[in-house]
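The values are calculated or read from the model by the stated rules, or taken from the named source; none is laboratory data. For clarity, every value in this text was computed on a predicted model and none was experimentally measured. Note that each Cβ is placed from the backbone with ideal geometry, even for glycine, and that neighbours are counted across all protein chains shown. The accessibility values were calculated without ligands, DNA or RNA, using every heavy atom of the protein model including side chains. Shrake-Rupley method; radii C 1.70, N 1.55, O 1.52, S 1.80 Å.
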Amino acid sequence: MDSEDDLHYSTDVESVDDDCDFYSGEMDMGMGYYTDDDDPDAEDFVDDDTDDYFEASRREQNYTILNESDIRQRQEDDIARISSVLSISRVASIVLLRHFNWNVTKVHDEWFADEARVRKQVGLLEAPVVHVLNARERTCGICFEPYPNSRIKSAACGHPFCVFCWEGYVSTSINDGPGCLTLRCPDPSCGAVVDQDMINSLASSEDRKKYARYLLRSYVEDNKKTKWCPAPGCENAVLFDAGNGNYDVSCFCTYSFCWKCTEEAHRPVDCATVEKWILKNSAESENMNWILANSKPCPKCKRPIEKNQGCMHMTCTPPCKFEFCWLCHGAWSDHGERTGGFYACNRYEVAKQDGVYDEAEKRREMAKNSLERYTHYYERWASNQTSRQKAIADLHQMQNVHIEKLSDIHCTPESQLKFITEAWLQIIECRRVLKWTYAYGYYLPELEHAKRQFFEYLQGEAESGLERLHQCAEKELLQFLNAEGPSKEFNDFRTKLAGLTSVTRNYFENLVRALENGLSDVNSHGASSGTTSSKSTAGSSKGGRSGRGKGVSRTASSTRSGDNATHWSCEHCTFVNTRSATTCEMCHQRH
C-alpha cells in the first residue's frame, strides 16, 4: 500500500483548475480529503445521496436480466400473440417466429404484405402436394419398402415415409445440433417444414428434451436484442434496449460485460481498442520483440542466442557448436588478446564507428523500447485486475461473515451497514475502470503530448483517490472488526467511508466521460495544452504519485523519435519493422 504522502491529493495552485471545469460538474475535481468538519450533517446527507444514486442507477438501466423461466414466458407470450393475431396454430407461429428471428413486428409486416410468399418461404403449405391414394399399403420414399398406411407418416406436403425412416431422420437431425429447428421434408424437391408436433410424435423422450432446449435457446441466440451472459456456468440472458450509449451490462451472477463485443466491461475504452489489446496480450509479437531486443542470431545456424552473463566468447548449442564473438559475430578463432580479449572487441568498435552495425543496433534498441513501454502498461493493467479479483473476494467475505460480526459488536442493524458493501462495490468498479485506462494510455497517440500529459494527470488522481478509498475500507475497518464492543468512532468511520465512496464515484464517472469524449477539452482550448502540460508535470513530481511509472513511456518515446527515419512500429502488434517494409513481418497488417 502506498505511503500517506503518495496518497495525498494535490490541492495547491499547481493542480489542474482551469482545465478541469469540464469534468467538475457538481463535484471538486481535486478530490479533496473528506472529513467530518466539511459538513456537520454529512452523515445524513451521504446516506440519502448514496441511496438515491443506487436507485437512480437501477432506473437508468437500459437492459433486463432474464433467467430461464423469464425467457420461456416471453417466448410463449410471443408465440401466443402471433397465433392469435394471424389465426394460425401454435406450431405454425413457432415456424414463423424462428424464420424471422423472433421479431413479432417483422412477422406481422411480412405476413400481411404477402401471406402466400411467406408461407412458401418458411414451408407452411396450405394443401398437400401429394394426394393419398385409396390403397392399403404405400411405399416409403427412403427405404422403398411397402408399409400399411398406419406405418406411413407425412409432413404437410404429403410425401410418404415409413415411421422407421422418419425416426432415424429426426433423431439424426436433433443430435446434429440446432439445425433441427429448420427441418424440412426428406424429399429433396420439397420444402415443407417438419413442425414441433411431428417432431414430438417421432422423437424419443431424450431427443424431445434436446429439441425443446434448442428452441428455448434460439429465442436468445437468434434475437438481436438478447444475448447470453458470457460468464462460465451462467444461464441468464440479457435483453438490451439501446438508449444512453452505455453498453456495460451487469448480470445477476455479478459478471459485467460489454453488450457489443461480449468482452468484460471495459469503459472508457472502446471495443476496437479492447480487441487490439487482448490480441496483443495473447499474440507472439512481444515474444519476437523480446527475442530481437535480448538475443542475437548465431552467425552459422541463425538460431537466436541469449547472453545473460560471462564473456564475449559464445558457443552455439549442438549440433552447431559454432564459436563466435558476441559483439562482432566473427569466428572466435580470429579473436584473442590483439582484438581486446574476452571482454571487448576492437573489431566491433571499429565497425561500429564505420556504421556497419547501425541498422541492427537501432532495430534492437527500438524493439527494447517498445517492449519496455508495453511491459509498463501491461504490468499496471494486470496489477489492477489482480486487485479487483482480491476486492471481489473481500466483498464476499464481508457480506458472508464480517457484516454480521460488525452488527453484533456495534449493536447496529445490518441494513445500516450497507455503506460498507457499497464502498467495496465501488472499489471493484473503479479497479475495472482504472485497469482499462492503461490500455487507453497505451494506444493514446504519443504525438499528442498535451493530451497524454493531461491523461496521465487524471489517471494519477484517479489512482490516488481509489487507493485512499481502498485503504479506508480495508485497513481502517479492521479496528472495528476486532473491537470488543461498540465504539464512538464508528459513526465517524461511517461518515468518512461513505464520503470517500461518493467522491470517488463522482470522480471516476467524470473520468470515464472525459476519456470517452477523447479528452476533447484539450483540443478545444488553445492555451489548455501548455497549462495542462506544466500542471501535469508538477503533479507528477509530488511524491511520484500522479505520474507513477509514466517515465518509461516518455523515455521510450524520445528514444524512438530519432529512429523513425529507418524503422516503424506496427500499430497492431508493435513489432519493429524496417522502413522499406510495407506490411508488418509479424501480423502482416499494412503500414
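Can we say Ser189 is open to solvent by 20 Å² or more (accessible area, probe 1.4 Å) and among the hydroxyl-bearing types (Ser, Thr, Tyr)? It is true that Ser189 is open to solvent by 20 Å² or more (accessible area, probe 1.4 Å) and among the hydroxyl-bearing types (Ser, Thr, Tyr). Scanning the range 222-244 for residues that are without any contact (Cβ under 8 Å) to a residue 12 or more places away in the chain and either open to solvent by less than 50 Å² (accessible area, probe 1.4 Å) or under 30 Å from Ser154 (Cα atoms) (or both) gives a single hit, Trp228. For Leu447, the criteria (1) more than 20 Å from Tyr377 (Cβ to Cβ); (2) modelled with pLDDT under 90 hold in every case but one, which is (1). Counting only helices (runs of 4 or more DSSP H) that sit wholly inside the range 75-155, those with at least 2 residues that are in contact with a helix residue (DSSP H, G or I) (Cβ under 7 Å, 6 or more places away or on another chain), closer than 20 Å to Cys190 by Cβ and open to solvent by 30 Å² or more (accessible area, probe 1.4 Å) are 90-99.
Would a scan of the range 457-468 turn up a residue that is in contact with a Phe, Trp or Tyr (Cβ under 6 Å, 6 or more places away or on another chain) and not small (Gly, Ala, Ser)? No. Residue count for the range 475-526 under the criterion of being in contact with a Gly (Cβ under 6 Å, 6 or more places away or on another chain) and β-branched (Val, Ile, Thr): the result is 1.
Scanning the range 296-306 turns up at least one residue that is buried (at least 17 other Cβ atoms within 10 Å of the Cβ), of a type in the set (Lys, Arg), modelled with pLDDT of 70 or more and over 30 Å from Thr437 (Cα atoms). Scanning the range 195-242 for residues being of a type in the set (A, V, I, L, M) and on the phi > 0 side of the Ramachandran plot gives a total of 0. Among the conditions (1) of a type in the set (D, E, K, R); (2) at pLDDT below 65; (3) outside any helix (DSSP H, G or I), the only one that Glu359 does not satisfy is (3).
Inspect the range 208-221 for any residue being in contact with an Asp or Glu (Cβ under 9 Å, 6 or more places away or on another chain) and surrounded by 19 or more Cβ atoms within 10 Å (Cβ to Cβ) and give the result as yes or no. Checking the range 208-221: at least one residue is in contact with an Asp or Glu (Cβ under 9 Å, 6 or more places away or on another chain) and surrounded by 19 or more Cβ atoms within 10 Å (Cβ to Cβ). Report yes if some residue within the range 159-166 is modelled with pLDDT of 90 or more, part of a loop (DSSP other than H, G, I, E, B) and buried (at least 18 other Cβ atoms within 10 Å of the Cβ); otherwise report no. Checked against the condition, which is being modelled with pLDDT of 90 or more, part of a loop (DSSP other than H, G, I, E, B) and buried (at least 18 other Cβ atoms within 10 Å of the Cβ), the range 159-166 yields at least one hit.
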